[in-house]
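Q: Right, I'll just put the structure down here and ask away after.
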Amino acid sequence: MVSAADIAARLLHSLVQRRLTGEPLAWITGTVEFCGVKVRVDPGVYVPRWQSELLARRAVERLPADGTAIDLCTGAGAIAMTLGANRPGARVVASDLDDRAVACARANGVDAYQGDLFAPLPSD
């Protein structure tokens with residue numbers, strides 16, 4: 001009979017092995033914090049970097065309360081999420097070429113469209 005401790009030890013070992021191969025921690029845990037917002041990050045989707053937080057904060061400052069913002073190449077949607085969290089009256093849309101990224105951004109509540117840059121975005 002396998003004990004709960006054995007199962008936990010095996011799980012921990014497999015998680016450590018994944019990290020040792022260079023897999024991003026966010027893919028292993030499934031989330032990352034970005035500008036105080038918990039962002040879901042699926043395997044294969046670009047992991048938001050802390051260096052981009054300055055850009056996101058600057059975008060929040062510049063976005064009028066009822067304005068519109070576009071997050072191109074959104075990845076998991078971290079910047080769009082930050083904008084939405086700080087400017088709930090604004091319209092925020094996003095795009096990404098990768099279908100996994102679009103699915104992840106949508107799971108994060110982002111109005112995301114699949115396609116190249118501006119091409120998939122609604123005309124309005």
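The values are calculated or read from the model by the stated rules, or taken from the named source; none is laboratory data. Everything numeric here is computed off the predicted structure, so don't read it as measured data. Note that we place each Cβ from the backbone using ideal geometry, even for glycine, and neighbour counts take in every protein chain shown. Remember, those area values only see protein heavy atoms, side chains included, never the ligands or the DNA or RNA. Shrake-Rupley method; radii C 1.70, N 1.55, O 1.52, S 1.80 Å.
Q: May I ask you to give the solvent-accessible area per residue for the chain, in square angstrom, as obtained with a 1.4 angstrom probe?
A: For the chain, the solvent-accessible area averages 62 Å² per residue.
Q: How many percent of the accessible area of the stretch 59-117 is carbon or sulfur, using a 1.4 Å probe?
A: Ligands and nucleic acids excluded, carbon and sulfur reach 49 percent.
Q: Return the whole-Å distance between the Cα centroid of the stretch 81-103 and the Cα centroid of the stretch 1-35.
A: 28
Q: Would you tally the net charge around GLU61, using a Cβ to Cβ cut-off of less than 14 Å, leaving GLU61 out, and scoring K and R as +1, D and E as -1?
A: +3
Q: Strictly greater than 16 Å: what percent of every Cα pair in the stretch 50-111 meets that?
A: 37
Q: LEU121: net charge of surrounding residues, Cβ under 12 Å, Lys/Arg +1, Asp/Glu -1, itself excluded?
A: Once positives and negatives cancel, what remains is -4.
Q: Grab the other residues whose beta carbon is less than 10 angstrom from that of CYS73, score K and R as +1, D and E as -1, and report the net.
A: Charge balance near CYS73 sits at -4.
Q: (1) 140; (2) 91; (3) 121: which one is volume of the Cα convex hull per residue in Å³ as calculated from this entry?
A: The value matching this structure is (3).
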